[in-house]
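Trainee: Mind looking over this structure? Questions follow.
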Amino acid sequence: MPPWVLGDVSVTRIIEAEDPLLSPYEIFPDCTPEHIAENASWLIPRWYDPVSELLVISIQSFVIRSGAMTILIDTCTGEGKNRARQRFHQRTWPWMERLRAAGVTPESVDVVMCTHLHVDHVGWNTRLENGKWVPTFPNARYLIARKEWEYWQHESRSEGLARTGNYITDSVMPVFAAGQADLIAHDYHIANMLWLESTLGHTPGHFAVHVAGGGKELVLSGDMMHHALQLRYPHWSTRFCADPNQARETRAAFLAKYAGTGMTIVPSHFPTPSGITIERAGDHYGFTFCDETIAGSYR
Ligand SMILES: [Zn+2]
């Protein structure tokens, strides 16, 4: 898929995997088989695989290029790591080949930003070198929201990572050890090309990334929502949300703010083409894929 072009700024998706991954009942405590049946006409096949009965989830990064600057947003699950979920455990993926094919070498990345510090957003932060985890991007500053870091620093010392495996130790700590991490506030911005929007709740320091150029704008919304079922049922938070109530309030405000504006919203885990515009539809929301060559809408 071609990148989004916003004047002299481009945004390219680098997909690690896009497959049926999660049971809807695992991720959404409110979901029942009746919900899936009611929405089958638009869920199948892009959003839900009826054979495995799993939701289709994309795990991807975004490369933003502006002039000589290369920014990488989110780094998927990574390679060769010990993880509790078998699907992520000691895996290899063609992610680095895809990054290089997009014209990006590890050395050329200037900035790495993680919308939040979950296991599927920090993996390629590090790679194994002589038995030691080191930053994958040797010349990059890794920008991490201060609130997010304070939370996960604590969680990684407690039982907070039992569900996933201690990915903070292999994928975040080494970036600090190498002196490449900078803690940022949510008012961080790069001129009027990139700025953050606070979207707390899924995690305590979660942010969305606005990218703008040539009079156009899009929002990389991270895990503010995970699946289009949350447009149909905006009150559904996930089992993985640190504060499900705050996540619900954040999502309600975000959807109300952008519905009907034509803004391209790009949630991390939405399958190809990932970008949508949203419209209010009574008590919920409808969407249209921003790439008209790919059919798909729900109202
Ligand atoms: Zn995620």
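Trainee: Using a 7 Å offset from the Cα along the Cα-to-Cβ direction at both Asp243 and Ala177, what is the distance between the two label points in nm, to one decimal?
Mentor: 3.2 nm
Trainee: How high is the FRET efficiency between Asp8 and Arg280 when r is their beta carbon distance and R₀ equals 35 Å, given to the nearest 0.05?
Mentor: Working from the Cβ atoms, E equals 0.55.
Trainee: Per-residue HN-Hα couplings for segment 47-62, Karplus 6.51 cos²θ - 1.76 cosθ + 1.60 at θ = phi - 60°, whole Hz, x for Gly and Pro?
Mentor: Each residue's phi maps through the Karplus curve to give 9, 8, 9, x, 6, 7, 6, 10, 6, 7, 10, 8, 10, 8, 10, 10 Hz.
Trainee: State, as an integer percentage, the relative contact order of segment 4-298 based on alpha-carbon contacts under 8 Å between residues 6 or more apart.
Mentor: Normalised by residue count, the contact order of segment 4-298 is 16 percent.
Trainee: How far, in nm, would the chain grow between Ala40 and Leu128 when pulled straight, counting 0.36 nm per residue and subtracting the alpha carbon separation?
Mentor: 27.4 nm
Trainee: Would you look at the GNM of the chain, springs on alpha carbons closer than 10 Å, and say which of Ser274, Ser41, Ser237 moves the most?
Mentor: Of Ser274, Ser41, Ser237, the Gaussian network model singles out Ser41 as fluctuating most.
Trainee: Over the chain, how many pairs of lysines fall under 28 Å by alpha carbon, counting only those 8 or more apart in sequence or from different chains?
Mentor: Step by step, the pairs that qualify in the chain add up to 5.
Trainee: Also: Distance between Cα centroids, segment 217-263 to segment 13-73: provide it in whole Å.
Mentor: Centre-to-centre distance over Cα atoms comes out at 14 Å.
Trainee: With n ≥ 4 as the cut-off for DSSP H runs, can you work out [θ] at 222 nm for the chain, using -39500 (n - 2.57) per run divided by the number of residues, rounded to the nearest 500?
Mentor: -5000 deg cm²/dmol
Trainee: Would you please give the residues with an amide H less than 5 Å from that of Leu54, counting only those at least 5 places away or on a separate chain, with H modeled from the backbone geometry?
Mentor: Asp49
Trainee: Once both labels are modelled 7 Å past Cα along the beta-carbon direction, what's the Asn139-Arg163 spacing in nm?
Mentor: 3.9 nm
Trainee: Kirkwood hydrodynamic radius (Cα pairs, Å) of segment 146-299?
Mentor: Taking every pair of different Cα atoms in segment 146-299, averaging 1/r and inverting gives 16.9 Å.
Trainee: Gaussian network model of the chain, Cα springs within a sub-10 Å range: biggest mean-square fluctuation belongs to which of Thr277, Thr203, Thr261?
Mentor: Thr261
Trainee: Using a probe of 1.4 angstrom, how much of the accessible area of the chain is carbon and sulfur, in percent?
Mentor: Ligands and nucleic acids excluded, carbon and sulfur reach 52 percent.
Trainee: Let me ask another. Rounded, prolate or oblate: which one fits segment 1-42, using the alpha carbon gyration tensor with axes a ≥ b ≥ c (rounded when a/c is under 1.5, else prolate when a/b beats b/c, else oblate)?
Mentor: prolate
Trainee: I'd like the projected area of the chain, averaged over all directions, using the convex hull of its alpha carbons. Report it in nm² with one decimal.
Mentor: Averaged projected area of the chain's Cα convex hull equals 14.7 nm².
Trainee: Using Cα springs under 10 Å in a Gaussian network model of the chain, which residue among His206, His226, His189 shows the largest mean-square fluctuation?
Mentor: His189
Trainee: Multiply the residue gap between Asp110 and Lys216 by 0.36 nm, knock off their C-alpha separation, and tell me the result in nm, one decimal place.
Mentor: Full-extension gain reported as 35.9 nm.
Trainee: Gain in length, Thr32 to His89, computed as 0.36 nm per residue apart minus the alpha-carbon separation, to one decimal in nm? Walk me through the intermediate numbers first.
Mentor: Details: separation 57, 0.36 × 57 = 20.52 nm, distance 2.88 nm.
Gain on stretching Thr32 to His89: 17.6 nm.
The values are calculated or read from the model by the stated rules, or taken from the named source; none is laboratory data. Given the structure is predicted, the values throughout are model-derived calculations rather than measurements. Counting neighbours? That spans all protein chains shown, and the Cβs are built from the backbone with ideal geometry, glycine included. We work out accessible area using only protein heavy atoms, side chains counted, and drop any ligands, DNA or RNA first. Shrake-Rupley method; radii C 1.70, N 1.55, O 1.52, S 1.80 Å.
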